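Novice: Can you read through this structure? Questions will come right after.
The values are calculated or read from the model by the stated rules, or taken from the named source; none is laboratory data. What you see is a predicted model, and the numbers here were worked out from it, not measured in a lab. Positions of Cβ are generated from backbone atoms using ideal geometry, with glycine treated the same way; all protein chains shown enter the neighbour counts. Quick note on the areas: whole protein, heavy atoms, side chains included, nothing else; ligands and nucleic acids left out. Shrake-Rupley method; radii C 1.70, N 1.55, O 1.52, S 1.80 Å.
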Amino acid sequence: MVTLRKQYAVARPVYSEDSLAEDHEKVYRLRKTILDHAREYLTCDSKRAKNAALSLLPIIGWMRIYRVREWLLGDVVSGISTGMVAIMQGLAFSLMASLPASYGLYTAFFPMLTYFFLGTSRHISVGSFPVLSLMVGAVVTRLVPTEGPPANITGFEGLTQDQQRVLVASSVTFLMGIFQLAMGVLQVGFIVVYLSDTLVSGFTTAAAVHILVSQLKFVLGLTVPGISGPLSVIYTLEKIFVQITSTNICDLVMSILIMVVVFIVKELNDKYKAKLPVPIPIEVVMTVIACGVSYGFNFKTRYDVDVVGKMVSGYESPIAPNMEILQESAVEAFPIAIVGFAVAFSVAKVYSIKHDYTIDGNQELIAFGVSNIFGASFRSFAASTALSRTALQESSGGKTQIAGLISAMMAMIVTVALGFLLEPLPTSVLGALVIVNLKGMLMQFREIPYLWRRDKPECVVWMGTCVGATLLGLDLGLAVGLGVELLTVVFRTQFPRCSVLANIPGTDLYKDRKDYMHTFEPKGVKIFRIPSPIFFANIEFFRDKLVDAVGFNPLRVLRKRNKALRKIKKLLKKEDDRGLRDLFRQRTDGSRMDAEELDQPSDLKHLPFRMDWRAELPGNDTVPRVDLHSLILDFSAVSFLDISALKGLKAALKEFIHVDVDVYIVSCDACILEKLHSCTFFDDEILTSMFFPTLHDAMLHVLDKSQGCVLTESKL
């Protein structure tokens, strides 16, 4: 069935950039200088002061529009539901950080207090995140190993091993907060754009592998020392398999049972989420049951099961970070800060789009920076957000961070009054809950075949990040992933897919001639397109591809012509046809020319006849035939040119002009044209009249000019 399409017809002159500027007056804008921007940034008035206050304290903005009757009940229900999950995850993730379980409750409480006032997201649940817990745990086990003496740090004197580890974790978190706060103040929230979705997916998948391996010792009831650094996963698995015969059967059975039940209930939650007002908090239910069974049957004594043990009651006085630990952990703290912010910002962005409000990346950095600094002072460890916890907070009716504040209050209640009830909880239960919640991250392995079919460079980024982070550790793996990602960007821009365009008959459209069956290419005209910026790294590639597209090297043609022209001029002096033939057959030293002289334009001024390089010349030396008379360069996808590329482009254009090929550049960006003018790109050979606003304008000009040349030759 043929669909009727709308038609349009435009009658206008054929424009070049020069003629367009003559007919239509252009507005010349004054560009602001750096001084102007600085003056504007430092100027303060009442409006800017108000905006600054609202920016630094986003709570003012959403509290003014808070609908108590509509939102309060949902926030309370959501806060209670999220708080119960946050408590369980805090206990589990604290073990991942190689800390006593009770300190996970600190992370569920203190960071939320400051984020409530400073954060721009209304839906994320601030607290522990498994990847950050694992990265902090790597620093903790490096400085305070399970076996052997701790690092030589003065602040460790007189402290137990647990206290030393808490000091390390809080100091690393403090430095992480400093990095985040500094980046927020310096307005570099854009840094998160360098962590693509593919990179984050590969990184979190590798983190899931690390988390899975780290929790096996709890599930199996084995005593395995924490290992950090490159190949830590392999070394940990080796130690686990060496002790596999010592597996605690009670821990294993209990873990398998809990994982099966939690997995089934979570699947039911997903399947019937539209009908359930609140997802079933199966983790909380299983934790309560496990605590009761462990206490009733005395698992610790009877079956030698490791339990959470003594919970810290209440809150301890603030502590200052240790300067020696800050120096030792600076390299690890920076990637922890980047990953924590990237995860939180990406999750916050999803829900801000869903609920139609804006978030500020720089303010989020400030909020998390202050939250981690404040939390570290009270012995909490790195805080960010967890997707599962945030999804629960939003789906259970949470509208603002009042839900987050209520969840923090629940963590406080458990810490102050109810913590002793969790003391008989087996650590294998926490390990099982962590493993079963890794399903989403581990299922990301399914992205590999999809990426391989759709975008192989993206698949390389995913694989490089995942393998690097798995084998080398999360901090080095992130650096490897960034390196691979930047290499793919360089590869795409340095080696773009250049193409030769042709006209779609009956239209003003020009497409790659390889993609269409019926196209029109005027004889002697070539249209070349480069779909990327031109800069120092790809200018030679551009020139090589251009030579391949036209089918000849203009510089080589020019040199051949100049050699032939020199011989012709010598023979004209002798005026002897016989000598002409002889000279073309022999090579003498006098016929040699310098390379610089050969590269100059052919001088045809003093010849008594019109030189036609397409005709056959006498002698053995032949000049390559050039059937091209016009070359059109499509710059519609060229976003910038640097100085090196500008010089290379100018040289390439002159090479074609010297062999009598007219060159035209079309759809050139206005900023690039300004740069060409400012860099003295134009001269007696390269003129502004070579530039056209559209490809069709240039083609019509070429066809009109070539017809005029044919008429002139026929008259002659």
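Novice: Under the Karplus relation 6.51 cos²θ - 1.76 cosθ + 1.60, θ = phi - 60°, what is the ordered set of whole-Hz ³J(HN,Hα) values for the stretch 649-660, x standing for Gly and Pro?
Specialist: Each residue of the stretch 649-660 in turn: 5, 4, 5, 5, 4, 5, 4, 6, 4, 5, 9, 6 Hz.
Novice: With Cα Rg over 2.2 N^0.38 Å defined as stated, name the option among (i) 1.18; (ii) 0.99; (iii) 1.34 computed from the structure displayed.
Specialist: (iii)
Novice: May I pose another question? Give me the percent of accessible area attributable to carbon and sulfur for the chain, probe 1.4 angstrom.
Specialist: 61 percent
Novice: Packing-wise, with mean Cβ within 10 Å as the measure, how do 554-565, 448-459, 149-160 rank, highest first?
Specialist: On the way: 554-565: 19.7, 448-459: 14.2, 149-160: 12.5.
Averaged packing, sorted descending, gives the order 554-565, 448-459, 149-160.
Novice: Just from its helices, what would the mean residue ellipticity at 222 nm be for the chain, if runs of 4 or more DSSP H residues each count -39500 (n - 2.57) and the sum is divided by every residue, rounded to the nearest 500 deg cm²/dmol?
Specialist: Values: 30 runs with 415 residues, N = 716.
Per the formula, -18500 deg cm²/dmol.
Novice: Another question about this same structure. Quick query: amide H of I527 versus all other amide H atoms, modeled in the peptide plane; which residues come in under 5 Å with a sequence gap of 5 or more or a different chain?
Specialist: Amide H to amide H, under 5 Å and 5 or more residues apart or across chains, I527 pairs with L501, I632.
Novice: For the chain, find the longest principal axis of its Cα atoms and tell me its angle to the long axis of helix 68-96, 0 to 90°, nearest 10.
Specialist: Approximately 90 degrees, to the nearest ten.
Novice: For K526, give me every one of the lysines with a C-alpha distance below 22 angstrom, ignoring sequence neighbours fewer than eight places off in its own chain.
Specialist: Within the straight-line limit of under 22 Å, K526 reaches these lysines: K511, K514, K545, K650, K654, K705.
Novice: While we're on this one: State the antiparallel share, in %, of DSSP beta bridges confined to the chain, rounding to the nearest 5.
Specialist: If we restrict to bridges inside the chain, about 45 percent are antiparallel.
Novice: If one takes the longest principal axis of the Cα atoms in the chain, at what angle in degrees, from 0 to 90 and to the nearest 10, does the Cα axis of helix 456-472 lie?
Specialist: Value to nearest ten degrees: 40.
Novice: Suppose every Lys and Arg Cβ carries +1 and every Asp and Glu Cβ carries -1, with no other charges. What dipole size does the chain come out with about its Cα centre, to the nearest 20 debye? It would help to have the intermediate numbers written out before the result.
Specialist: Working: 72 positive and 69 negative charges, 266 e Å.
My answer is approximately 1280 debye.
Novice: Would you work out which of C498, M409, V293 lies farthest towards the positive end of the dipole of the chain? Charges go on Cβ: Lys and Arg +1, Asp and Glu -1.
Specialist: So the residue furthest toward the plus end is C498.
Novice: Further question on the same structure: If you average 1/r across every pair of different Cα atoms in the stretch 226-266 and take the reciprocal, what Kirkwood value do you get, in Å?
Specialist: 12.3 Å
Novice: Cα to Cα, under 17 Å, and not fewer than 8 places away if on the same chain: which lysines meet these conditions relative to K310?
Specialist: K300
Novice: Over the alpha-carbon set of the stretch 392-437, work out the extent along each principal axis and list the three values in angstrom, largest first.
Specialist: 35, 29, 10
Novice: Quick one: Karplus J couplings for the stretch 189-195, per residue in order, coefficients 6.51, -1.76, 1.60, θ = phi - 60°, nearest Hz, x for Gly and Pro?
Specialist: x, 5, 4, 5, 5, 7, 9
Novice: Quick one: 3J(HN,Hα) in Hz for the stretch 299-305, Karplus 6.51/-1.76/1.60 with θ = phi - 60°, rounded, Gly and Pro as x.
Specialist: 4, 4, 7, 6, 10, 6, 8
Novice: By how many degrees, 0 to 90 and rounded to 10, does the Cα axis of helix 539-550 deviate from the longest principal axis of the chain?
Specialist: So the helix axis and the longest Cα principal axis differ by about 50 degrees.
Novice: Give the lysines reachable from K32 as a straight Cα distance under 24 Å; neighbours fewer than 8 places away on the same chain don't count.
Specialist: Here the lysines satisfying the reach criterion relative to K32 are K47, K675.
Novice: Return the Rg/Rh value of the stretch 46-94, two decimal places, where both radii are evaluated on C-alpha atoms and Rh is the Kirkwood radius.
Specialist: 1.22
Novice: Could you let me know the centre-to-centre spacing of the stretch 348-368 and the stretch 640-698, using Cα atoms, in angstrom?
Specialist: 44 Å
Novice: Dipole of the stretch 275-373, Cα-centred, from +1 at each Lys and Arg C-beta and -1 at each Asp and Glu C-beta, to the nearest 20 debye?
Specialist: My answer is approximately 540 debye.
Novice: In whole angstrom, how far apart do the alpha carbon centroids of the stretch 94-123 and the stretch 132-169 sit?
Specialist: Measuring centre to centre over Cα atoms gives 20 Å.
Novice: Rounded to whole Å, give me the distance from the Cα center of the stretch 380-444 to that of the stretch 16-65.
Specialist: For the stretch 380-444 versus the stretch 16-65, the Cα centre distance is 42 Å.
Novice: If you place +1 on the Cβ of every Lys and Arg and -1 on the Cβ of every Asp and Glu, how big does the dipole about the Cα centre of the stretch 42-123 come out, in debye to the nearest 20?
Specialist: 360 debye
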